[in-house]
Amino acid sequence: MYDQLAELVEESPGPSCSSLPVTEQAPSSWLQRTRQSVQRTPSLRLVMRDPQPVCVVAVQRYVGEIGRCRYHYDVTVYDGMVQDTWLLSPDLAHLVHCNRLRSGSRATILMCSYRYVEKRPGSGLVCIEEVEIGGDMEIGLSVCGEIGPLCGGRKHYLPLWNNEDPYGDIWDRDKDREHRGPVDVSKVCSLQRLEPRWRSKMPLPPLLVRIMHKSRLRYFGKADKKIEYPYQAYFEVADHSGMMSMVMWNYLCLEWYNTLQTGNVVLLQQYALKNSYPNRTLPTTGNTQVKRLPNLEISLNARDPMSKISVLRREDVKPEWRLPAIKYQFVTRTELNNLPHNQVCDVIGLVTYVGRCERKRSRDEGEDFWLYRWVHVIDGTSDQPLLLEIFATSQPSIFEKIHPNYHKGQPYTSDEKVKDFIKWMKTQHEADVQRKITIGGYHPYPQTPATFDKYCSDNKVEIMLSTIDELKAHIDRIHYREHRRVAIQGIIAACRYVENEELETSEAQSEEVLDSFVSVTCHGNTELDLVEQSCSSGQSKQQTVLASSHSNVEEVSPHCETSNVIVVKRRKKHAVEDISVIASKSSHDVDTRIQESLFSEVDEKTHSNVVESEKSDRTWSPARSWESALWSEIKHNLMDHLHYSTVFPESLPRKFDYNHREFLMQQYNLHPAKLVKPICTSNLKIQDFPSASGPGHYEVTILGINHDLAIDVSVPVCKNFSLFGPNCLPNHMQCLNLDWNVETQDHHWLSLKDELVKYSSAQDSLHTICILDICHLGERKKEIFLNRIYYPVIGESA
């Protein structure tokens, strides 16, 4: 029956996409029959006698009602004939939180209820009260048009995993917003002259300004507020007299946020003025010569008055208007370490690693999350890449596609350091670059300090440390792709080396995948020297990151689709504020740390030798497992033993294959709210792509200091990663090199095995502080990695 689902939906969209009305005629659809049956029961509650699996087409979120959970979820399901949208009971919200109930999954509804909407005659909704979730259903259909939230009087849905991104069809507007005809500059007022005019209550004249900075969207909706579109966005705008903040409100954000970009020249009419918000942190724009006018801000709204905004074409902007230019302050990787802490700068580089999307709570116990991912870039001036923590900043179509593509038409290509980078790009060999590019997996940054007292310097120790019981609560509450870092006291009680399943793949298969990288070429002509030079030199699949403090990417070239540039706006030495990415553009005051490299390329020859060493080493048991005498004595008498040492396929970084870039990005992006065809139709598995980490990993048992609880965790296997801080080892082990160093260790993949066992043996029963990284990978998969081992005494080196 499900083989023809897509055709059936396309042929009869209409009522199947909304709450279905009750009809006198016997319905043939299971969803229609169930809707009729639950309405006719005296209790308005129905337990299914013949539950039928349905496909979840969409899971959509919005602010809930007062006194209930913060968010409601509407679930669009498909029974092979029609789609219908039902409300998910708040008691089942946890199924969404852990990504078990998700688009594309099979759901068997076991019980439902019916709720009439008392303020709307003849209106009601079906609520899912009990459901059983199965695996994904391989069907290729898309959700029909949105009907809007079922309850609470809301007008639109939120993105499923954060609140900052625009989501839904209401944001996709293709109106022609360019100003036509000449601008009468005689009627235009400068920003500096606004304040006396405002105080005199005279009609406000038109303004002609350039957008210098664009913030992320701010969603301020609450259950007790009935604002239809509670959004706010800030822009910094300037003319020859100075720079002022401009705030856009509510429905106007839907109309204009995706249209207005940094660098646009706009004509503003029928705006309002008000005193500036005193507690707002102002962004730093690149053009420091522009005078800031801090007392007032321009307010744009859809009413009282209805603001008029016009974007001028580039060719219509006159030099005599003296509008300030967007300026850039590019620095190289070698210059970065010597910059002052708060220095504003821009960087450009080639992408060598793109991490998975992860989330962190904006408040400890809240349901709101920041969305971010890690990206590594190199610029040819240093062996150490820039490490960027990029937060989602209201541009999901770009943030989710940090993969090969080029942009054009940006002014910074004339910058000397950008030109130097382009020259360096031309010297790179494609096959060499491709061996460096990896994607996804566990990422043990931000880097923990070398000592525990530094780790606790800004926090009380009793707050920083968790008991193992509290750790269990953290694990139970963690949401999909949420990342938490937790510190516990414990004893390293046992460790065991485990090989990754990926090494069962033959060397020939790995070479075949590598060849597929090199076979892709770039065709077509482009208008930008940056694109032409990269393509002509064979750099067709290289990912490039351009980090800029001012500019957003305006266009993505349809040509040379095998290269990628990212633009990052950086506000502090260790904080990126705005990111514009050629396949991932962001413009916002984001706190982003730039640190040392974690992943570097896996030398294929060395990796092959390591695999052979592993095979010959399998009979050497002392280095493959160890347990302390204490563990041997008490391990069968514990109150509880938690097992979280599994390394899932999603936990390993993978070699990036341009031929399968869409599949790889889907694996490491968050699961979509609506059904996407490639997710349901692809026969690929993440295990089909070679791992970019070592041939195995360690499983470590941490015993609680009261000897009653224990937890098994994993140790990451990747280069340039040190589990121990300096001076952490006993005296007879101080000579060991604990960092992964290819130059000094022929079998660098094996060294950590020896050192961890020797450390554990030497420190038998010693109390340590263990820093754990926890992440929920979806469904029931939760990974925990041991990130760092410290001594427990504050002030003593770890």
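The values are calculated or read from the model by the stated rules, or taken from the named source; none is laboratory data. Everything numeric in this text was worked out from a predicted model, so none of it was measured. All Cβ positions, even for glycine, are placed from backbone atoms using ideal geometry, and neighbour counts span all protein chains on display. These accessible areas exclude ligands, DNA and RNA; they are computed on the full protein's heavy atoms, side chains included. Shrake-Rupley method; radii C 1.70, N 1.55, O 1.52, S 1.80 Å.
What does the charge count around PRO205 come to, taking other residues whose C-beta lies under 10 Å from its C-beta (Lys +1, Arg +1, Asp -1, Glu -1)? Intermediate values should be presented prior to the final figure.
Working: positive: LYS187, ARG193, ARG197; negative: none.
Every neighbour counted, the sum reads +3.
What are the chymotrypsin sites (Phe, Trp or Tyr not before Pro) within the range 200-260 that DSSP puts in a loop, where the Cβ has at most 15 other Cβ atoms within 10 Å?
PHE220
Determine, for each peptide in 204-214, 30-40, 423-433, the mean count of other beta carbons within 10 angstrom over its residues, then list the peptides with the highest first. Mind dumping the intermediate values first?
Working: 204-214: 22.1, 30-40: 19.0, 423-433: 14.6.
Result, highest mean first: 204-214, 30-40, 423-433.
Can you give the alpha-carbon Rg of the range 333-409 over 2.2 N^0.38 Å, where N counts its residues? Let's see the in-between values first.
On the way: Rg = 15.0 Å, N = 77, 2.2 N^0.38 = 11.5 Å.
Compared with the compact-globule rule of thumb, the range 333-409 sits at 1.30.
Using label points projected 7 Å from each Cα along Cα→Cβ, tell me how many nm separate SER190 and GLU499, to one decimal.
7.6
Where does the range 153-281 land on Rg(C-alpha)/(2.2 N^0.38 Å)?
Working: Rg = 16.3 Å, N = 129, 2.2 N^0.38 = 13.9 Å.
Ratio of Cα Rg to 2.2 N^0.38 Å: 1.17.
In whole percent, and with a 1.4 Å probe on the protein chains, what portion of the accessible area of the range 232-278 is carbon and sulfur? Spell out each step's value before the answer.
On the way: 640 of 1290 Å².
Roughly 49 percent of what the probe reaches on the range 232-278 is carbon or sulfur.
Give the average over all directions of the projected area of the C-alpha convex hull of the range 88-246, one decimal, in nm². Could you put the intermediate results ahead of the total?
Numbers: hull surface 63.3 nm².
Orientation-averaged projected area of the Cα hull: 15.8 nm².
Kirkwood Rh and Cα-based Rg: tell me the resulting Rg over Rh for the range 274-386, rounded to two decimals.
Numbers: Rg = 20.3 Å, Rh = 19.3 Å.
A ratio of 1.05.
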